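A.B. asks: Sharing a structure here in structure tokens format.
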Amino acid sequence: LFKRSTLRSGLLALLALAVVPHAHAMGDSMGTQLERMADALRSLSYEGILVYAYGSHLETLRIVRRVEDGRVHEVLESLNGPERTVTRGEDVVTCQLTGGRPISVRGGGLGVDLLGPKPIDPQSLSPHYVVHPLGSARVAGRETDVVGIIPRDGYRYGYRFYLDVESGLPLRSDLMGGEAQPIEQIIFTSLSLNPQQPSEVRPAEVSTAAGSPVASPVVEPGPWRFGGLPAGFELVMVDRSPDGAGQGVEHFVLSDGLASISVYVEADVEDGLSGGSRIGAVHAAGGTIAGHQVTVVGEVPADTVQAVLAGMVHADGESE
């Protein structure tokens, strides 16, 4: 489950480097800039090459995205290291590894929607973030306006989006740590907007894990309660589906309107995560609560996932 969330985060975290001071004036308001970004990500077809980096890890990826009749199909292919292809449709994310059987998981959570159709509203973020312009920069040979989203506390990361002046598409951004340094980066090095010719990239055949059906989201949290959440975070989605062994897995999504956290609850397992873990900007915390394995995963600081785990309570009153 940790790997699933990490994969989703790796697809959707957009990042960058330094700002070139004011190559041209940024005339639009921050709200308008972010609305244009959401609209571009909802409606544009494109393909390009991008670089994904965190720590000493560097990966080159090819992305192909098609929007037809409002339906999105996206393929992300690794160009270095082991062969990996990730395909995202309307509700399913499928990962194809070299020589392996495709594995599919539900992809309709907040991690997928973070930079998707839902606009980022500066006013709703204002209690926990400051949104302001950071000048202009040139990315992949195109002019961009740079928007900074700075957290007011240590429970969330900051963001820096480099928005294509012509289309509003984010070409480069930073996911910013506590010392105002990027901790993950994705940068487009080449981009073709609305390409006319079909791509040679073929999506992997979709098959859900162990033949399990994809469940529809439900709205009731059941016996679980979330106490002491970091300010601004609230429960926005609940999903229940069987795992590969036929056991129930509950998936909760918490969000502050920008950052999101996934909480997975399943039957207690011997090899479940106990304590903390980290891959790049993604932190996880796990433990046993009321006889269940609980794993909290998010592209947020370690203190945030630990706080969510510590505040979880089952209806019978037992906590970690």
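Just so it is clear, none of the values below were taken in a lab; they were calculated from the coordinates. Note that the structure is predicted; figures quoted are calculated from it, not measured. No Cβ is skipped: glycine too gets one built from the backbone with ideal geometry, and neighbour counts run over all protein chains shown.
A.B. asks: For labels at VAL165 and GLU68 in the simple 7 Å Cα→Cβ model, what's the distance in nm?
C.D. replies: Those two pseudo-labels are separated by 3.4 nm.
A.B. asks: Counting Lys and Arg as +1 and Asp and Glu as -1, what is the net charge of the other residues whose Cβ lies under 12 Å from the Cβ of ALA40? The partial results should precede the final answer.
C.D. replies: Values: positive: ARG36, ARG42, ARG65; negative: GLU35, ASP39, ASP164, GLU166.
Once all neighbours under 12 Å are counted, the net charge is -1.
A.B. asks: Hey, another quick one. Report the FRET efficiency, 1/(1 + (r/R0)^6), for HIS57 and ALA315, where r is their Cβ-Cβ distance and R0 is 56 Å, rounded to 0.05. Mind dumping the intermediate values first?
C.D. replies: Values: r = 41 Å, r/R0 = 0.74.
Here the calculated transfer efficiency is 0.85.
A.B. asks: Calculate the FRET efficiency for VAL269 and ASP303 from the Cβ-Cβ distance with a Förster distance of 25 Å, rounded to the nearest 0.05.
C.D. replies: Numbers: r = 26 Å, r/R0 = 1.02.
Taking R0 as 25 Å, the efficiency between VAL269 and ASP303 is 0.45.
A.B. asks: Starting from 0 in steps of 10 Å, tell me what percent of the Cα-Cα pairs of segment 251-314 lands in each bin.
C.D. replies: Spelled out per bin, shortest first, that is 23, 58, 18, 1.
A.B. asks: Let me ask another. What does the net charge come to around LEU169 if you take all other residues with beta carbon closer than 14 Å to its beta carbon, with K and R at +1 and D and E at -1?
C.D. replies: Details: positive: ARG36, ARG42, ARG65, ARG142, ARG172; negative: GLU35, ASP39, GLU47, GLU74, GLU143, ASP145, ASP164, GLU166.
Value of the local net charge: -3.
A.B. asks: With a Förster radius of 41 Å, plug the Cβ-Cβ distance of ALA180 and VAL92 into 1/(1 + (r/R0)^6) and report the FRET value to the nearest 0.05.
C.D. replies: Details: r = 37 Å, r/R0 = 0.90.
After rounding, the FRET efficiency stands at 0.65.
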